[in-house]
Structures are given as structure tokens and as C-alpha cells.
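Enquirer: Here's a structure for you.
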There are 2 protein chains.
Amino acid sequence: MSALDAGDTVALSVDEVFALSRRILTGAGLSLPHAEAVARVITAGERDECASHGLFRLPGCVQTIQSGKMSLDAEPVITDVSPALVRADAKLAYSLLAFERAAPLLARKAKTVGVAALAINNCFHFSALWPEIEHLTDMGVAALAMTPSHAWVAPAGGHKGLLGTNPIAFGWPRPGPHPYVFDFATSAIARGDMALHDIADKPIPDGWGIDADGRPTNSARAALDGAMLTFGGHKGSALSTMIELMAGPLIGDLTSRESMAFDDGSRAAPMHGELILAFDPAIMGGGDVEAQAARAEALFAGFSAQGARLPSERRYAARARSLAHGVRTPQVLYDRILALGA
Amino acid sequence: MSALDAGDTVALSVDEVFALSRRILTGAGLSLPHAEAVARVITAGERDECASHGLFRLPGCVQTIQSGKMSLDAEPVITDVSPALVRADAKLAYSLLAFERAAPLLARKAKTVGVAALAINNCFHFSALWPEIEHLTDMGVAALAMTPSHAWVAPAGGHKGLLGTNPIAFGWPRPGPHPYVFDFATSAIARGDMALHDIADKPIPDGWGIDADGRPTNSARAALDGAMLTFGGHKGSALSTMIELMAGPLIGDLTSRESMAFDDGSRAAPMHGELILAFDPAIMGGGDVEAQAARAEALFAGFSAQGARLPSERRYAARARSLAHGVRTPQVLYDRILALGA
């Protein structure tokens, strides 16, 4: 984020972030339903002070839109495959509208049979998974989401990009306004953070990447040209491989390497699939939902009791601030975004 | 393993390992169906040269059996809850018989609706998850299993045991004899390996544990008295928390802390639940299973092409050796096991 933190800022309300995002996206050619779905997620990112998933994403969106590979207006096709499976064919558009359209059916299925899956196919990936997870926890179900990306990450014991940064996110509905949610890349660091280190010419820590010859490097540029590494050594590598398989071949969609081949250097967002699982505590747990919730709350209380933070606490605090006082966006980014709409 | 590797060994065929295990377990009081289910997993561990999950486990089994907390003969009660959910109540016996009895129905459900879950409740956990995963991949489904344990592991940012070692295992069926399988503890190291370091008075690496005052330690003893750490920092901690929630409150069963309280110092195996998800590639992928399999095989080929190993390759090589030539078990362990049956 350091490249964006310095200098003057512009004050915007959360509603203004949404309106600006929608205007730029429709101006670039996205249909209104797609533009609003993407703008909702950009607004959530900016609101929660996840700068790299907020307005910062707009230039990349416009680049993806202009790549000519993405559909700007495809209506997602939702198929009710079975009592436990929904398929959403995004028809080469962004994933978010497909997700929003299919999510109620996914939650309904989970609430009927206990566990259900949503397979989104042929979608251009957009940004973080936690907004989708929160969308589902708001419906009262627990949720697990994963997606491949591009083959930038070497497997443990290897030296070349094969796996994606492959994010995984999970949520558990809680009493009160905020669910338990985590969302992390299975690479040691997000691709965007690696890029920001490169832009700022800042050395990267050990364990983030290797150069084109497979040697450990502290240069973000060398790692971007070589390969990123997974978090947690062979365990992170195994988890990333699971995500390739589950959100790729399992749902009849591309691996990160195939997605990269599809992109063919256009530098658009990755195009592939996404898998989202939803679980209903009432059916999965046999009925005593109050006891289940109390048990989960006791676990969370065990974190606070020893001073450990839950994964999204920082984000929720930022949300409260932004909803009350608006957000501050770097002037340089704001100007760049306005220029996109010129 | 170092404490077990030294000295004389006894040669046993794989069938002899099974017969010995069954004899010791029935001798200790387990009913024949339970003894055979446990003996199958011990035999698989010994055969695959996972020494800490093979015959080495028998003394601990006998201790659990003699703890008086475990049912030695309960018939698991299998409930067909919904098109996507099977429940197996182990009735305070070992989990394995419940798993074996419920697995065919789980696979059948997955093959009918795409994704299905098996919730095993009220079970004493036994050993590794990969034998269960292989049992399911042999039926042609992909599978994901997880379970809590005892609250030995501190969350990221904390300093006291709250999470379990919480293993997670995944399998993908492949053409040929061996599936893709991984199985790892979300603690930095397995509890058993920590114990073996203590027995051998060997220092532990940085990142495995903290002492009772929350300070980093290289003493296995101090970490066993303090807390273990998760693998992969806050990401491993988040994943471990997901396992607590999904294989605990979600399925109406205990967290690792509750399991530890239930144990109340008897040093029996953890008693809690287990969650296993099964996925049918044909239904989840929309039908072109050959293309899906080819896509997965291309991913695996990408590992070999850069000299990276797949997670279970060492185990499969050991299996081939053991099936051809039998296993070699340390004399000291063998004598200790014979004494259990005296």
C-alpha cells in the first residue's frame, strides 16, 4: 500500500465511492447490472480500508474491459442441477453478477439439505472473496469459497510458476453485525502486494519468491519475472493444489496455467471458475442451533481472552469509521480514476 | 521417528501386522468389528512407513481403551439425514467403524447430487485421515476431511492452547493405482513428532512452540507444557479455526477445548466429531469427465516436469516395498506391543 499512502487525499462518502465506480465502469462499457455488482465490491473494499481491493482496482477493471476478451453484458445462466448443486455460467463476463444471482438459490439449497455447492464457470475473477462470503453469512449459512488465478506460484520443491495465488475464504455467521470471516491467498503474499513492492522498489522478505533461475530473491521484480512461493511451505502448496483441483477440473473449468494461456499476455483478469460451498448449521448440527452458536462464541471468546485478534476485526473497525466519516482516497489515484472516465 | 529408528528390527508381513494389531486390540477388550477397523488403519500406516501412525499407535490405543471413557463395542448409528447429508453417531467408540459403515452412503449421495457431507459425532479420533480419504477416492469421489483434536495450539497473536492440531486431508481420484492425497496437521508439527523430540531430548526448530509464559522456545518439553504454534502464521491459524468450526459447532460437536475438558487428564485419544465432504467430478463438472481428468493430470505432470513431488509419493513407494517384502519394526516396539497382550 505504501505507494498509495503518501500525499494528498480526497474525502468521499461511501455512496460517492459507489457512484464513482459505477460511472467509470458503465463509461468503459460494462452493462449496468455488471457495473453495479462490481461497484458494490469495490465500495466494500474501499469502505473496509482494503485499499488494494477498493478504488485501486478500477484501472485494472478498465484494462480487463478493454482487453476485448470479456463479455460486458452477458446475463449469467443459472442452472438448478441437483438438490445440492447450482451452476452459474458467467458466459465470459465478471463473476460477481453470476454470484449475486445464484447466491439465494445456493443458500436455500444448503438450508434444505445441509450442504450445497455453487460452481461458477467461465468467469473473469474480480478481487477479494470476503464480500461473497459475507453475502452468504448474512443469509445465515457458513460458507467456503476458492478460486484459481494465474500460474505465478511455484509448488513446494519446484522452481517455476504452476499454481495460482489461489485464495480461500471462509465465513461463519455470528449473532451481531459481523460474521467470522477470513480470506487469504495461498501464495506467501498477494500478487498486488508484490507489485506494490516492485513499484516502490522495496525489497521483499525471504520466502516470497524465487528468480527465473529458481534461486531465492529479495527483489520483487525478479520474483515477478520468476515465481512466487506458497505460504507455509509444503502444506500451503498442498492447499493451493486442492484449490486448483476443486475450483478447476472438479467443476469443469480451467487450472491457473490454462487461465494464463487463455489470457495470452493481454493482462486481463484471470478467467476460470470459482467454487463456493454453503453449510446450514441447523441441518448439519442436528437442530440445537443455540448450543452450536454458543460453542462457536466460546471459541471466539478464547481468542479475545488471550489478546489474539479474529481475522476481520481490523476490517470491521475500518467499516464503522468509513460509514460514519467517509473514506480518504489518495489524490493521485482519484485523478487517475477520473482520467479513466474522460 | 528417531527414537524408534535405532537398533534391531523384526520382519513382519503386512498380514502379520494386521493379525498382531487385531489380537492386541481384541485382547484389550475392543469388539471384533472395531478392532478390525482400527487394525486396518494401523496396518496401512505401518505398510506406508508412516511409523508414527503404525504399530507405534497400539500402546496409545490400549491406554484409550483402558481409560474407561470409550465404548468398546458400540454399533455406530447411521442416519440418512438428507440427499446431501449422512450422520454417523459413533456412540463414544472409535471413529473408524462409523466411517467405514457410512462411507458407501456418502459416496452414493455425492454421485447423486454432486456434493455430500458425512458428519461423524461422538467419536474417539484415531490416527491419520489419509486412509479415509483413500477409501473414498477408491470409490471415485474427491474428498475433504477435517477434525479438531485437543486445545494444544495457540492462535496467531495468542499465547495459550485454544485450537487443536486440527488435521485436514484431501484426495482426488486418479487413473492408475494411486490418488492425489495430502494430509497435514495445521499445527507447525504433529503432536507425536513434538513428543518424539521430547523423548529424544532433541531441540525443536523455531516456530514450533512457545513456553508456558508465551515465549518462543526450542525445548519440546517447554512447548508441550506451553503451547504449539500453527503452520503458516495467521493463515494457518485461520484455517485451523475453520476446522474447529466446521468439524465442531457446525456438526453439533465439541471444539478442541471442550474435547480436552471431556478427557479431563485421562490421556485418552480426543473425543469429538469429524466432517468429511465428498464430491463427484461427473456431476460437479457437468459431464465431460475425461476432459476433467486430463486437466488434473496435466497439473500433476507440471509438478514432475519441474522436479516437485506430489504429497503422497513417498508413501506409495513405501507401500510397494512393504507389499513385496514386508515391513521392519523396531524390536523394542515389538516387545512393548507383545507385552500389551500378555
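Enquirer: Run a plain Debye calculation on the stretch A:303-342 (Cα atoms as equal point scatterers, no solvent) and give log10 I(q)/I(0) at q = 0.23, 0.32, 0.34 Å⁻¹, rounded to two decimals, same order as the q list.
Expert: Cα-only, vacuum Debye calculation for the stretch A:303-342: -0.81, -0.95, -0.99.
Enquirer: Let me check against my output: what whole-number percent is the relative contact order of the stretch A:242-342, with C-alpha pairs under 8 Å and at least 6 apart?
Expert: Relative contact order of the stretch A:242-342: 14 percent.
Enquirer: Per residue of B:229-235, count partner chain C-beta atoms within 10 Å of its C-beta, then hand back the mean as an integer.
Expert: Mean inter-chain Cβ contacts per residue within 10 Å come to 6.
Enquirer: A further question on this structure: If each of residue B:15 and residue A:261 carries a label point 7 Å out from its Cα toward its Cβ, how far apart are those two points in nm?
Expert: 4.8
Enquirer: Right, something else. Would the protein assembly as shown count as rounded, prolate or oblate if I go by the C-alpha gyration tensor, calling it rounded below 1.5 in a/c and otherwise prolate when a/b exceeds b/c, oblate otherwise?
Expert: prolate
Enquirer: Under the definition of Cα pairs under 8 Å and six or more residues apart, what whole-number percent is the relative contact order of the stretch A:17-130?
Expert: In percent, rounded to a whole number, it is 22.
Enquirer: May I pose another question? To the nearest whole percent, what portion of all C-alpha pairs in the stretch A:36-103 is separated by more than 17 angstrom?
Expert: Cα-Cα pairs in the stretch A:36-103 separated by more than 17 Å: 51 percent.
Enquirer: For the stretch B:139-217 and the stretch B:1-71, compute the distance between their C-alpha centroids and round to whole Å.
Expert: After rounding, the separation between the Cα centres reads 21 Å.
Enquirer: Further question: Of the candidates B:164, B:233, B:45, which one comes out as most mobile in a Gaussian network treatment of chain B with C-alpha springs shorter than 10 Å?
Expert: B:233
Enquirer: Can you compute 3J(HN,Hα) from phi for each residue in the stretch B:131-137, using the Karplus curve 6.51 cos²θ - 1.76 cosθ + 1.60 with θ = phi - 60°, rounded to whole Hz and x for Gly and Pro?
Expert: Per residue, the Karplus-derived 3J(HN,Hα) values read x, 5, 4, 5, 4, 7, 4 Hz.
Enquirer: Of A:95, A:167, A:340, which is farthest towards the positive pole of chain A's charge dipole, taken about the Cα centre with +1 and -1 on the beta-carbons of Lys, Arg and Asp, Glu respectively?
Expert: A:167
Enquirer: Using only C-alpha atoms and all pairs of different ones, pull out the Kirkwood radius for the stretch B:132-187 in Å with one decimal.
Expert: With all distinct Cα pairs of the stretch B:132-187 included, I get 12.5 Å.
Enquirer: Please check: in the Gaussian network model of chain A (C-alpha springs, under 10 Å), which one of A:218, A:121, A:166 has the largest mean-square fluctuation.
Expert: A:218
Enquirer: Let me have the 222 nm mean residue ellipticity of chain B computed from DSSP H runs of 4+ only, each contributing -39500 (n - 2.57), with the sum over all residues rounded to the nearest 500.
Expert: -13500 deg cm²/dmol
Enquirer: Would you mind checking the pairs A:109/B:235; B:69/B:91; A:91/A:111; A:202/A:235; A:235/B:69 and listing those with alpha carbons more than 23 angstrom apart?
Expert: Too far apart for the 23 Å limit: A:109/B:235; A:91/A:111; A:202/A:235; A:235/B:69.
Enquirer: Using Cα-Cα distances under 8 Å and only pairs 6 or more residues apart, what relative contact order does chain A have, in percent?
Expert: The normalised contact order for chain A reaches 23 percent.
Enquirer: Say a paramagnetic label sat at a point 7 Å from the Cα of residue A:23, along Cα to Cβ; which residues of the stretch A:34-72 have their backbone N under 20 Å from it?
Expert: Taking a point 7 Å out along Cα→Cβ of residue A:23, the residues of the stretch A:34-72 whose backbone N falls under 20 Å are A:34-47, A:54-63.
Enquirer: Next question. In the calculated pair distance distribution of chain A, what percentage of Cα-Cα distances lie above 30 Å?
Expert: 37
Enquirer: Now a separate question. Between residue A:321 and residue B:320, with labels modelled 7 Å along Cα→Cβ, what's the label distance in nm to one decimal, could you check?
Expert: Inter-label distance under the simple model: 5.8 nm.
Enquirer: Please compute the net charge surrounding residue A:149, taking Lys and Arg as +1 and Asp and Glu as -1 over other residues with Cβ under 12 Å from its Cβ.
Expert: -2
Enquirer: Does the stretch A:1-114 come out rounded, prolate or oblate by the C-alpha gyration tensor, with a ≥ b ≥ c the root eigenvalues, rounded set by a/c under 1.5 and, if not, prolate when a/b is larger than b/c and oblate if not?
Expert: Prolate.
Enquirer: Let me ask another. For the stretch B:207-278, what does the alpha-carbon gyration tensor say about shape, rounded, prolate or oblate, given a ≥ b ≥ c as the root eigenvalues, a/c under 1.5 as rounded, and a/b over b/c as prolate?
Expert: The shape class here is oblate.
Enquirer: Here is a follow-up. Sum up the charges of everything whose Cβ sits under 15 Å from the Cβ of residue B:325, counting Lys and Arg as +1 and Asp and Glu as -1, but leave residue B:325 out.
Expert: -1
Enquirer: Using a label point 7 Å beyond Cα on the Cα-Cβ vector, give me the inter-copy distances for residue A:264 in nanometres, one decimal, shortest first.
Expert: With the label placed 7 Å along Cα→Cβ, residue A:264 yields 6.9 nm.
Enquirer: To the nearest 0.05, how large is the calculated FRET efficiency for residue A:75 and residue B:305 if R₀ is 56 Å and r is the Cβ-Cβ distance?
Expert: The calculated FRET efficiency here is 0.90.
Enquirer: With θ set to phi - 60°, apply the Karplus curve 6.51 cos²θ - 1.76 cosθ + 1.60 along the stretch A:320-332 and write out the HN-Hα couplings as whole Hz, x wherever there is a Gly or Pro.
Expert: So the Karplus estimates, Gly and Pro as x, are 4, 4, 5, 5, 7, 10, x, 10, 10, 10, x, 4, 5 Hz.
Enquirer: Using alpha carbons only, how many angstrom separate the centre of the stretch B:264-308 from the centre of the stretch B:314-342?
Expert: The two parts, judged by their Cα centres, are 28 Å apart.
Enquirer: Picking from B:219, B:266, B:237, which is most flexible by a Gaussian network model of chain B using Cα springs under 10 Å?
Expert: Its mean-square fluctuation being the largest, the pick is B:266.
Enquirer: Using the Karplus equation 6.51 cos²θ - 1.76 cosθ + 1.60 (θ = phi - 60°), what ³J(HN,Hα) coupling, rounded to whole Hz, does each residue of the stretch A:191-198 give in order, writing x for Gly and Pro?
Expert: 4, x, 5, 4, 5, 5, 5, 5
Enquirer: Still on this structure, I have one more. Quick one: if you stick a label point 7 Å off each Cα along the C-beta vector at residue B:202 and residue A:212, how many nm between them?
Expert: Once both label points are built, they end up 4.1 nm from each other.
Taken together, the values in this text are just the output of simple stated rules run on the coordinates, not laboratory data. Just so it is clear, the model here is predicted, and its values are computed rather than measured. Note that each Cβ is placed from the backbone with ideal geometry, even for glycine, and that neighbours are counted across all protein chains shown.
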